[in-house]
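The values are calculated or read from the model by the stated rules, or taken from the named source; none is laboratory data. Owing to the predicted nature of the structure, the values given are computational and were not obtained by experimental measurement. Ideal geometry is used to build each Cβ from the backbone, glycine not excepted, and the neighbour counts take in all protein chains shown. What goes into the accessible areas is simple: the full protein's heavy atoms, side chains included, and nothing from ligands, DNA or RNA. Shrake-Rupley method; radii C 1.70, N 1.55, O 1.52, S 1.80 Å.
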Amino acid sequence: MAEIKFEEALKKLEKIVADLEAGRLSLDESLKKYEEGVRLAQSCSKILESAQKRVEVLTKKDGTFQLKPLDEGREALEGT
């Protein structure tokens with residue numbers, strides 16, 4: 001699967017879930033949608049993991065990581 005933006009992947013995943021929940025697809029179509037959904041969910045997970053790592057890098061202090069909630073880390077970056 002080509003590089004996809006998180007929001008786009010999430011929107012496609014939501015559509016797949018709605019299609020599957022509607023119950024109007026054949027078994028074959030449902031399996032294909034399910035497989036696509038799994039790939040999209042994995043892609044979203046990787047994107048979120050990458051974002052978390054970026055936040056951790058941004059909150060690095062004195063050579064050690066200090067994991068903080070995102071809002072607290074943002075305040076530290078802004079100097080408040």
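Values computed for the structure shown
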| read-out | value |
| --- | --- |
| Residue in the stretch 48-66 that is open to solvent by 50 Å² or more (accessible area, probe 1.4 Å), assigned to a helix (DSSP H, G or I), touching a Leu at 6+ places or on another chain (Cβ under 7 Å) and at pLDDT 95 or above present | no |
| When residues of the stretch 36-47 are limited to those that are open to solvent by 100 Å² or more (accessible area, probe 1.4 Å) and among the charged types (D, E, K, R), the one modelled with the highest pLDDT | R39 |
| Unmet requirement for E8, which otherwise passes all of (1) surrounded by 11 or more Cβ atoms within 10 Å (Cβ to Cβ); (2) modelled with pLDDT under 95; (3) of a type in the set (D, E, K, R) | (2) |
| Meets criteria (exposed (fewer than 12 other Cβ atoms within 10 Å of the Cβ) and among the hydrophobic types (A, V, I, L, M, F, W, C)) for L27 | yes |
| Cβ pairs under 8 Å, 6+ apart, first in the stretch 3-28 and closer than 25 Å to K46 by Cα, second open to solvent by 100 Å² or more (accessible area, probe 1.4 Å) | I16/Y34; L20/Y34 |
